[in-house]
Every structure is written in C-alpha cells, then in structure tokens.
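Participant: Structure provided below as structure tokens; questions to follow.
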Amino acid sequence: MQKQRTGDLKLIQELNRSIILDTIRKNEPISRSEIAKLINISPTTVTSAVSDLISEGLVFEDGVGTSSGGRKPVLLRFNPNTHSIIGVSVTNTYIKIADMNLEGEILRKEVHSTNQLKGNAIIQFILSVIEGFLVGKSDVEYCQGISIITPGIVDAEKGVILHNVKLNLYNVPLKELIEERTNLPAFLDNDANAFVLAENYFGLFSRFNDLLYITIGEGVGSGLMVNGSIYRGFLGSSGEIGHTTVVDGGIKCSCGNSGCLENYVNWPAIYSKIVTAIITRNKDTIIKEMVLGDLTKLSPAIFVEAVNQQDDLAKEIMEDILKYLSIAITNAIHLFNPEVIILSGEIIQDNPLLVESINEQVVAKVIPTLKEKVNIQSTSLGIEFELLGAAALILHGKFKFQM
Ligand SMILES: [Zn+2]
C-alpha cells in the first residue's frame, strides 16, 4: 500500500512539473505566484517544482516584474536550449534524422537513402543511422529521447510497427530496439498522426480541436485529431484513408483489395499516367520539354509546374486526382465532421489551384448543412514537416506540452 502511495505521489509530482513547465513556456515571462494562480496549484508546490526545473536547466530566472505591494516578483522563462531531442522520419525512400531543441529548431540534420532495404535489413540500417548520429553528438546526457515516425500501422503505446507493406515490416518492436541500442527513451508513431500534432503544435492550426490531415506522397495517409486528441481506433489503424475504396473493382492495391484511393492519386500513379500518355498515346505536352526528353527527370514539382502552365495533359490528370480525392474527403467529412482538413505532399506544395478546386468539388458533394463550413487548406509546416512531426510527438508525449 505504502509503495502504491509513493508511486502515486511521484506521478502527481511529475504531472505538476509538466503542467508548470508548460505554463511557463506559454506565458513567459511569468512569476511563481502568477503560475500558482493560473493553474490553481499551491505556491509551495510551484516553488519546489520550479527549483527542480531551474537546476535541470529547463527554466531560468530573468528579471523582475511589477509589484502589487511588497517585493517585486522574479520572472521565469522556459529554456529550450539546454536539452535536446532527436527526431527521425523513416519513409520508403529515405531516413531523415535531426538534433533539435525543445522548440523543434533543427541544430544538425542528416538524410540517408534507404537503398531499397526492407524487412530486418531496414531495421538494422535505421539503428545504425541513429547510433552513428549519436556518435557525433557531444551532449548526449542532455538528450531527452528519440522520436521516430513512419508510415503504416503503428501501436504507439507499445512502440511497435504492426504493419508496413512497402518496407515489409510486421510486428517490429522498434521502440524497444532503439532503447536497447541507445539507452535513451524512444517514442514511435505513425507519421500522419505526428503531422496532425505538429500542425496543431507548431503550425497555424493551434486553435482547432477537430482536424483531419491528409498526406499524399508515395502512399496516402491521414491523421485525425478529435477533440484535441489523436484518434487511433481499436488497433491503431485509423486514418488509412489511402485504402478507402473509390472505384469498385478498380486497380489492384498492395493491401490486397482493389480500387483504393492511393492508387489513383499517389505519385507513382501520376507518373505512370504521364509516361503512358507520352509513350503510347504520343500525347503532346510541355512536360516533354520540361524534362528535356528524359522521363526519369519527371518529378512532382514538374507536374505541378505543368498544371500551373495550363498544360492539357497535366490538367487532365489533375482532374482525375480531384475527382477521387474529393470523393474520399467528402466521405471523411460526413463521417468525422472535422473543422479543417489539411493537405500535404509534393503535389499539394505550391499548388493553390488544386486546393481551391478540391474545396469547390467537396462543397458540391457534401450535405447542405456543411457546404458553408468546408475548410480545406494546405499544410502550414513547410519543408521540414517530417522532423517537426517527430518533435511534436516527443514534446507532447514526454513533456505533455499542450498546444
Ligand atoms: Zn489498398
């Protein structure tokens, strides 16, 4: 019984500490008594937690405030720079790893190709990349942990990759493997779940509690925030919007089903449509000139540029993407009623025309009550969205920072 009570007490102390740190971060500069009033915790508890936070270098004293009679209060600020976090983003083609401060600012970064490794080979490669990166880090003792994000179905609580067809990973306890190898706490989550946290945390969407984030790359994934929390579903597989059926009996999918959204809107689908049109239909398009006759140079950015230049082929393909994407988004709106839908991915980047057209098509499809409320926007995270996703995951998971 005694042990249980000591455990509870420690938990409460840690929770108080997190809340106090988060309060300082959001309201700095702030005095101890203001913190106590703001979050309704006793001044003694605040004083003791703050002295711990100061000795750990997470908080520092900075000047004095105005007095309401009596001594002028000492003001406190959050220090994001003493401690650091390591963010890792694993995609099917590359691994990004970065050392970041507690505000997600990147201090050092490396990008490694996955060299088409799969299964155990890719896991061993991820571990060696992390290990190598730590060798170059002089202040490992101040590292608060490693945050890793990856596509596919992930059990975030246990830190296990349950299912990733493209990397051939099934039931891999990656969190445990990283912790064993590095002696640092590790956090694992699905990438789209991390992105929705990051949009809410670092991006322009902090005032929203119900968000749907859709990322379109090689695959199509989504993250859903319901009432301020990530919605994971029973087995953690929620958000597989890329495998929602948009064509009955359509293209065969890697998941075993057919007609899944991702095979109509992802980059491999767009790429093969362009190549087929040029080679088999001998279609006239400015894309041919843009790649200087070399179709291996074809990239999402070139496709978007061709759309913006009103190229017929690019526009025709974009119409198809719009059609399927608007069906899937309309279904998601009817199921979840998010306040905002955020789109990301290379074909969304610098493509305001697509975002505008999607809004129009979805407005045309949704039920009347929702027509005025459709709000589809492009990501606010910029090019380092993956690392910001990893950072948001650990800041939210470990420090319990709230948006
Ligand atoms: Zn599928």
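Participant: So is L261 within 16 Å of the ligand (Cβ to nearest atom) and within 30 Å of L197 (Cα to Cα) or not?
Facilitator: The answer is yes for L261.
Participant: If I ask for residues that are at positive phi and in a loop (DSSP other than H, G, I, E, B), which ones from region 170-203 would you list?
Facilitator: Listed by number, the list holds a single entry, N183.
Participant: Right, next: Tell me which residues, restricted to region 246-259, are farther than 20 Å from I274 by Cα and not charged (D, E, K, R).
Facilitator: Listed by number, the residues that qualify are V246, V247, G249, S254, C255, G256, N257, S258.
Participant: Here's another thing I want to ask about it. Mind counting the residues in region 217-237 that are out of contact with any strand residue (DSSP E or B) (no Cβ under 8 Å at 6 or more places or on another chain) and either within 12 Å of the ligand (Cβ to nearest atom) or outside the structural domain of I302 (by TED's automatic domain parsing) (or both)?
Facilitator: Residues that pass the stated criteria total 1.
Participant: Would you pick out the residues in region 204-246 that are crowded, with 23+ Cβ neighbours inside 10 Å, in contact with a Leu (Cβ under 9 Å, 6 or more places away or on another chain) and in a loop (DSSP other than H, G, I, E, B)?
Facilitator: The answer is F205, G239.
Participant: Take I270 and tell me if it is more than 16 Å from the ligand (Cβ to nearest atom) and farther than 21 Å from H334 by Cα.
Facilitator: yes
Participant: Moving on to the next point. Quick check on this structure: which one of N168, N193, N266, N164 is touching a Lys or Arg at 6+ places or on another chain (Cβ under 6 Å) and of a type outside the set (K, R)?
Facilitator: N168
Participant: To continue, here is another question. Return the total of residues in region 15-32 being assigned to a loop (DSSP other than H, G, I, E, B) and open to solvent by 60 Å² or more (accessible area, probe 1.4 Å).
Facilitator: 1
Participant: Determine whether region 321-328 contains at least one residue that is under 30 Å from M225 (Cα atoms), among the basic types (K, R) and not assigned by TED's automatic domain parsing to the domain that holds D191.
Facilitator: yes
Participant: Can you spot a residue in region 188-198 that is of a type in the set (F, W, Y), more than 25 Å from I130 (Cα to Cα) and touching a residue at least 60 places away in the same chain (Cβ under 8 Å)?
Facilitator: no
Participant: Residues that are under 21 Å from T215 (Cα atoms) and assigned by TED's automatic domain parsing to the domain that holds E316, at least 1 per element: which helices (runs of 4 or more DSSP H) completely within region 251-294 meet that?
Facilitator: By residue number, 262-265, 267-279.
Participant: Is it fair to say I130 is in a strand (DSSP E or B) and buried (at least 16 other Cβ atoms within 10 Å of the Cβ)?
Facilitator: No: the conditions fail for I130.
Participant: Using beta carbons and a limit of 8 Å, which pairs, at least six apart or on different chains, have the first residue in region 74-98 and free of Cβ contacts under 8 Å to residues at least 24 places away in the same chain and the second one among the hydroxyl-bearing types (S, T, Y)?
Facilitator: From region 74-98, the pairs are Y94/S113; Y94/T114.
Participant: If you check N79 against the conditions, is it open to solvent by less than 50 Å² (accessible area, probe 1.4 Å) and within 33 Å of the chain's Cα centre (by Cα)?
Facilitator: In short, yes.
Participant: Collect the residues in region 251-276 that are in contact (Cβ under 8 Å) with a residue 40 or more places away in the chain and crowded, with 17+ Cβ neighbours inside 10 Å, keeping them in residue-number order.
Facilitator: L261, E262, Y264, V265, N266, W267, I270, K273, I274 - these are the residues of region 251-276 that are in contact (Cβ under 8 Å) with a residue 40 or more places away in the chain and crowded, with 17+ Cβ neighbours inside 10 Å.
Participant: When you go through (1) among the small types (G, A, S); (2) under 30 Å from S147 (Cα atoms); (3) surrounded by 18 or more Cβ atoms within 10 Å (Cβ to Cβ) one by one for S326, which number turns out not to apply?
Facilitator: If we test S326 against (1) among the small types (G, A, S); (2) under 30 Å from S147 (Cα atoms); (3) surrounded by 18 or more Cβ atoms within 10 Å (Cβ to Cβ), just (2) comes out false.
Participant: Can you tell me which residue within region 277-289, out of those that are open to solvent by less than 60 Å² (accessible area, probe 1.4 Å) and not polar (S, T, N, Q), is farthest from the chain's Cα centre (by Cα)?
Facilitator: K283
Participant: So which of I41, I12, I35 is in a helix (DSSP H, G or I), open to solvent by less than 70 Å² (accessible area, probe 1.4 Å), out of contact with any Leu (no Cβ under 6 Å at 6 or more places or on another chain) and closer than 25 Å to G397 by Cβ?
Facilitator: Answer to the selection: I35.
Participant: What pairs come out if I take residues in region 238-250 that are not assigned by TED's automatic domain parsing to the domain that holds S326 and within 11 Å of the ligand (Cβ to nearest atom) and pair them with residues that are assigned to a loop (DSSP other than H, G, I, E, B) and open to solvent by 60 Å² or more (accessible area, probe 1.4 Å) whose C-beta lies under 6 Å away, six or more apart or interchain?
Facilitator: Matching pairs, first to second residue: none at all.
Participant: Every residue in region 336-353 that is open to solvent by 80 Å² or more (accessible area, probe 1.4 Å) and among the polar types (S, T, N, Q), please.
Facilitator: Once the filter is applied, which keeps residues that are open to solvent by 80 Å² or more (accessible area, probe 1.4 Å) and among the polar types (S, T, N, Q), region 336-353 yields only N337.
Participant: Is it true that some residue in region 298-307 is assigned to a loop (DSSP other than H, G, I, E, B) and loosely packed, with under 14 Cβ neighbours inside 10 Å?
Facilitator: No, region 298-307 contains no residue that is assigned to a loop (DSSP other than H, G, I, E, B) and loosely packed, with under 14 Cβ neighbours inside 10 Å.
The values are calculated or read from the model by the stated rules, or taken from the named source; none is laboratory data. As the structure is a computational prediction, the values presented were derived from the model and not from experiment. Glycine gets a Cβ as well: all are built from the backbone with ideal geometry, and neighbour counts include every protein chain shown. Surface areas here come from the heavy atoms of the whole protein model, side chains and all, with no ligands, DNA or RNA. Shrake-Rupley method; radii C 1.70, N 1.55, O 1.52, S 1.80 Å.
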